[in-house]
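Right, one structure below, let's go through it.
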Amino acid sequence: MTDTELLIRFRKGDDCALEVIFERHETAIFHFLIGILRDHHQAEDALQETFIKALLDSESIDPEKLRSWLFTVAHREALLLKRKQKRRAELSEPALELPDPSPCGPEAVDRNDLARRITELLDELPRPQREVIRARIFEGKRYREIAADLGCPLNTALARMHEGLKRLRQLWERSHV
Amino acid sequence: MFEIPQPTQQREDLQYQALLYAAGELNPAAAETFEARLGSDADAQQALVQVVQLAGLVDGRSYIPDPAYRSAVRQVVLAERRSWHRRLATWLALSGACAAAIALIATGISAKQTLVGNAPSVSPHSEVAQSNSAPLVVTPAVPQIAESAPNPTPGLLAKQPDDAAAANDTEDTVGAANWSEFANPVWLHKYLLDQQRRQLRLLANDLNIEQLPPPPELLE
């Protein structure tokens, strides 16, 4: 079923269409919001507001452009949250930065297991890509530092990172089929 | 010479920018530009989504929203839709009532104007009292119903023309009362029967017949 059909069904009062719209678009919109806000909880708040505002205004949406409309609303919501956050930070006292609590219990086990499997898959990547990913993800280095360490231009480091991540994803999907 | 970037190169540049932006490594001006671009450029949006997806896979974070948000969205959206339907129904009912009221007022005004133009009107009762011909001449004495006989009763039709009370009524009042009752088919039927009975009585008087035959059925 296309987005157009889904939106038309939703406008006619079909609540099941709403569920399909969530299924189809929430992940991409959420990742987009994470990319802008870099905070899981804020991204969730923005995601909720995005769907509410987009769907309340559904009568004015061109049904063929539902996805781009959702992204537009998400972008607006994310920037709004960012501005609020910035204003709040300017007004309030500098907060004591607490380290991100490490997960514990079953979640920690899952995460460790995932990390182990990713490390195994990482070994299958070409060395230049593996080096950049390790430096960035496991050592937390900035891209410019990595490029300087490896003695290559920034774009080369970025290209290795991007290609390496794509390759890793393919390996991951293949191992889970 | 100015070099036009190739599509592939543009795409790569976009991906690198997305990588740097997501990592918070773009300088403020470039970050602002890229952020503005994210509002309308589908390629930039897709690049950022891809970067977050890939990074999430590697650093072991599951970037999946809590499904509870869905019920919150559903609650707000469906509640708003229900209240919109209620508002629509209310507005429709109000507009219907207004239209009906306007139509009634307009009918009343036009009938009154016709009455003024055609005066004096002739009522069925006065017609019968004066002659035997044309027992049911309907004239637009309607608007005076509301003014002179606002609550006519079906029994009025059963009254005889020689009734003392009816004689005191003005022609218009009686006519208006009768006219108002034509809306009810039962009353109209009774009225026509009554008219026939009166004509027969007048005929009997002319012929000097004392005993009237039983009341006739209305001729179909």
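The values are calculated or read from the model by the stated rules, or taken from the named source; none is laboratory data. No experiment lies behind these values; they were computed from the predicted model shown. Here Cβ is always computed from backbone atoms with ideal geometry, including for glycine, and neighbour counts include all displayed protein chains. All accessible areas refer to the heavy atoms of the entire protein, side chains included, with ligands and DNA or RNA removed. Shrake-Rupley method; radii C 1.70, N 1.55, O 1.52, S 1.80 Å.
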Report task. Could you list, in sequence order, all residues of segment A:11-21 that are out of contact with any Leu (no Cβ under 6 Å at 6 or more places or on another chain) and crowded, with 19+ Cβ neighbours inside 10 Å? Result -> A:LEU18
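Results for (1) of a type in the set (A, V, I, L, M); (2) open to solvent by 60 Å² or more (accessible area, probe 1.4 Å), shown as yes or no for each residue.
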site: B:GLN15; (1), (2): no, no
site: B:ALA22; (1), (2): yes, no
site: B:PRO28; (1), (2): no, yes
site: B:ALA36; (1), (2): yes, yes
site: B:GLN45; (1), (2): no, no
site: B:LEU54; (1), (2): yes, no
site: B:LEU57; (1), (2): yes, no
Query raised in the report: Are any residues in segment A:2-27 of a type in the set (A, V, I, L, M, F, W, C), within 26 Å of B:ALA44 (Cα to Cα) and more than 9 Å from chain B (Cβ to nearest Cβ), and if so, which ones?
Result: A:LEU6, A:LEU7, A:VAL20, A:ILE21
Query - Selected residue [at pLDDT below 85, more than 8 Å from chain B (Cβ to nearest Cβ) and open to solvent by less than 40 Å² (accessible area, probe 1.4 Å)] from A:ALA54, A:ALA46, A:ALA108, A:ALA95 - result: A:ALA108
Report summary line: The lone condition A:ASP100 fails out of (1) exposed (fewer than 10 other Cβ atoms within 10 Å of the Cβ); (2) modelled with pLDDT of 85 or more is (2)
Query raised in the report: If you take just the helices (runs of 4 or more DSSP H) that sit entirely in segment A:1-96, which of them hold at least 3 residues that are in contact (Cβ under 8 Å) with a residue 40 or more places away in the chain?
Result: A:3-11, A:15-37, A:66-91
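Within segment A:121-139, track down each residue that is assigned to a helix (DSSP H, G or I), loosely packed, with under 15 Cβ neighbours inside 10 Å and either touching a helix residue (DSSP H, G or I) at 6+ places or on another chain (Cβ under 9 Å) or within 10 Å of chain B (Cβ to nearest Cβ) (or both).
Keep residues of segment A:121-139 that are assigned to a helix (DSSP H, G or I), which gives A:121-122, A:127-138.
Subsequent filtering for residues that are loosely packed, with under 15 Cβ neighbours inside 10 Å retains A:127, A:138.
The answer is A:PHE138, and nothing else.
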Query raised in the report: If you go through segment B:70-99, how many residues are at pLDDT below 85 and surrounded by 12 or more Cβ atoms within 10 Å (Cβ to Cβ)?
Result: 4
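Kindly evaluate B:VAL76 against the criterion of being closer than 22 Å to A:ASN155 by Cα and either in a helix (DSSP H, G or I) or more than 7 Å from every other protein chain (Cβ to nearest Cβ) (or both).
Considered against the rule, which asks whether it is closer than 22 Å to A:ASN155 by Cα and either in a helix (DSSP H, G or I) or more than 7 Å from every other protein chain (Cβ to nearest Cβ) (or both), B:VAL76 comes out as no.
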Query raised in the report: What is the number of the single condition among (1) more than 7 Å from every other protein chain (Cβ to nearest Cβ); (2) under 15 Å from the mean Cα position of the chain (by Cα) that A:PHE30 does not meet?
Result: (1)
**Report entry** From the options A:ARG169, A:ARG142, residue that is open to solvent by 90 Å² or more (accessible area, probe 1.4 Å) and either at the interface with another protein chain (Cβ under 7 Å from one of its Cβ atoms) or at positive phi (or both)
**Finding:** A:ARG142
Query raised in the report: Out of all the residues in segment B:13-68, which are in a loop (DSSP other than H, G, I, E, B), over 50 Å from the mean Cα position of the chain (by Cα), within 18 Å of A:LEU47 (Cα to Cα) and at the interface with chain A (Cβ under 7 Å from one of its Cβ atoms)?
Result: B:TYR63
Report task. Working only within segment A:61-88, note down all residues that are away from chain B (no Cβ under 12 Å) and in contact with a Phe, Trp or Tyr (Cβ under 9 Å, 6 or more places away or on another chain). Result -> A:ILE61, A:ASP62
Report task. Answer yes if at least one residue in segment B:101-120 is under 28 Å from B:ARG201 (Cβ atoms), open to solvent by less than 60 Å² (accessible area, probe 1.4 Å) and at pLDDT below 60, and no otherwise. Result -> no
